[in-house]
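Single-structure report; data block below.
The values are calculated or read from the model by the stated rules, or taken from the named source; none is laboratory data. Remember, it's a predicted structure, so these values are computed and weren't measured experimentally. Virtual Cβ from ideal backbone geometry, glycine too; neighbours counted across all protein chains shown.
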2 protein chains.
Amino acid sequence: MKTYLDCIACAIRQALDSVRLTTNDEQIHEQVLRKALSFASKLDFQQSPPEITQQTHRFIRELTGVEDPYLEIKNRFNKSALEMYPDLKKRIETSSDPLETAVRLAIAGNIIDFGVSSVIEQSQVEETIAQSLTAPLDKEALERFRNAIAEASDILYIGDNAGEIVFDRLLIEQLPLEKITFSVKGSPILNDATMEDARIVSLTDLVNVIENGSDAPGTILEDCSKAFRQRFDEADLIIAKGQGNFETLNDVNKNIFFMLRPKCVVLARHLGCEIGSLVLVSYDAKR
Amino acid sequence: MKTYLDCIACAIRQALDSVRLTTNDEQIHEQVLRKALSFASKLDFQQSPPEITQQTHRFIRELTGVEDPYLEIKNRFNKSALEMYPDLKKRIETSSDPLETAVRLAIAGNIIDFGVSSVIEQSQVEETIAQSLTAPLDKEALERFRNAIAEASDILYIGDNAGEIVFDRLLIEQLPLEKITFSVKGSPILNDATMEDARIVSLTDLVNVIENGSDAPGTILEDCSKAFRQRFDEADLIIAKGQGNFETLNDVNKNIFFMLRPKCVVLARHLGCEIGSLVLVSYDAKR
């Protein structure tokens, strides 16, 4: 997905939010802001929004020397999601359609995304989970997803954020584990999950987990490692979580199911839905 | 008031909103956006937010050739406010404290401001009027205002927006008319009132109306005409309406009463109040 003009003001605000999280030094806030403005003024808007965020966060790391400003946030949300895990697991197992319930919860978990919001409360996560169990979901897409899982022999599940990956684990536990590879980012960006998070939530004990070699908050294939790209090419089904993966992969000609909660008006308009709705969509059939 | 770092993303969004109102040509939207980003990256943040808006709107006029993109909006809100005028006039005259009611309505009228929002509905105006009659208002400031009016011999009332000036007229009708000069912008900027609007709402029949010689959405004294600055200096009491006038005059050492509804979190935080509250404040006593 290209960067809409509306994305720019949001990216500028996000850069400021992020640097404030990293340091209280207002001179550095101003430096990052000016650099982000100057960078955005010359940007190729055919690039996707995560490419801008990737660049901006590189400035922030350079200027602050802080490699992982969201570390505390990631640990907090991993912990609170793990605390919810037993109850959510029970809900899935006792539901009339465990796969559907697990899909709903996996999408609900996508609320834990610090790319658009800079503040997310645990109460919002709980509220989102409750709503997700009954919110509208494209049942036809769900059936296609169910069939695609059964037919696929090699599934790449591209994760999004720390905390959220506990919800991914719940879904993965409903899938044929031997078919699944789960991927995380190559290094820290926003609150996106890395290998360390996959270990913390024990995904590494469940399935093969790989790094994508990139520090973009999405999947920019040309920025990923050769090994990841090969794994991506080999997979006959991709599950891609979250807004950043949608924005970077929605034009890729591949059998991909996207699962996300749209977090901004631009993406909601692009998808023809409301902010915060449950999105399960695949574009394969349209090609 | 200086420009807070948070103001920048908002100014970028506002530039895009404004150019979209002016033309459907997406290439021009992109040109304006890039120019605004580049301009903001080099900006002196000691300048006030209206100085940024002034510059941005100059680009927009240059690139589009449209001198007054808000003309239709200004006419619409002048008309709808004039339709409300007889009823509001009656409410003031039958109230137990006509000056207080008129002050409340004058502040309520400040909702008609396209500087922060790009869409304002008539229903919001009506709702704001209804709320303003009972919303909290600083009574001590109101008494100081009442005394200041009685003591002053030469009052400059600095208007803000078209439509809103009908509400200013209602307040002015409660003041000693012979003391009042009303000022409007020198040329179009956003939906700020110009001499044409003052004529449309008959303020010109009521008091002396002058132009300030500037195209800034506020009162940047050094950008105003010499005649206006002289009038400003001579006045022993200034009434300044709206956020833009606050942002440009709040550091000026003069007997000024500001009346406004704060429209963004930055100004609300600066004032220590909520967005949309009724603000009647003078800084004279503190100097």
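Structure above, values below:
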item: Candidates A:170, A:190, A:156, A:177 - the one that is under 21 Å from residue A:87 (Cα atoms) and either among the aliphatic types (A, V, I, L, M) or over 18 Å from the mean Cα position of the chain (by Cα) (or both); result: A:170
item: Residue list for segment A:1-14, restricted to those being farther than 15 Å from residue B:33 by Cα and more than 9 Å from chain B (Cβ to nearest Cβ); result: A:1, A:2
item: Odd one out for residue A:247 among (1) within 23 Å of residue A:51 (Cβ to Cβ); (2) in a loop (DSSP other than H, G, I, E, B); result: (2)
item: Among residues of segment A:28-47, those that are acidic (Asp, Glu) and at pLDDT below 95, counted; result: 1
item: Residues within segment B:83-111 that are assigned to a helix (DSSP H, G or I) and either of a type in the set (D, E, K, R) or under 18 Å from the mean Cα position of the chain (by Cα) (or both), tallied; result: 17
item: Total residues in segment A:21-55, condition at the interface with another protein chain (Cβ under 9 Å from one of its Cβ atoms) and either buried (at least 22 other Cβ atoms within 10 Å of the Cβ) or more than 17 Å from residue B:32 (Cα to Cα) (or both); result: 9
item: Filter result for residue B:165 (in the same structural domain as residue B:94 (by TED's automatic domain parsing) and either over 24 Å from residue B:218 (Cα atoms) or buried (at least 21 other Cβ atoms within 10 Å of the Cβ) (or both)); result: yes
item: Only listed residue being surrounded by fewer than 15 Cβ atoms within 10 Å (Cβ to Cβ), closer than 25 Å to residue A:68 by Cα and acidic (Asp, Glu), chosen from A:234, A:211, A:247, A:222; result: A:222
item: Yes/no for residue A:73 being surrounded by 17 or more Cβ atoms within 10 Å (Cβ to Cβ) and more than 11 Å from chain B (Cβ to nearest Cβ); result: yes
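Conditions tested, residue by residue: (1) assigned to a strand (DSSP E or B); (2) under 15 Å from residue B:103 (Cβ atoms).
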site: B:116; (1), (2): no, no
site: B:120; (1), (2): no, no
site: B:147; (1), (2): no, yes
site: B:174; (1), (2): no, yes
site: B:183; (1), (2): yes, no
site: B:188; (1), (2): no, no
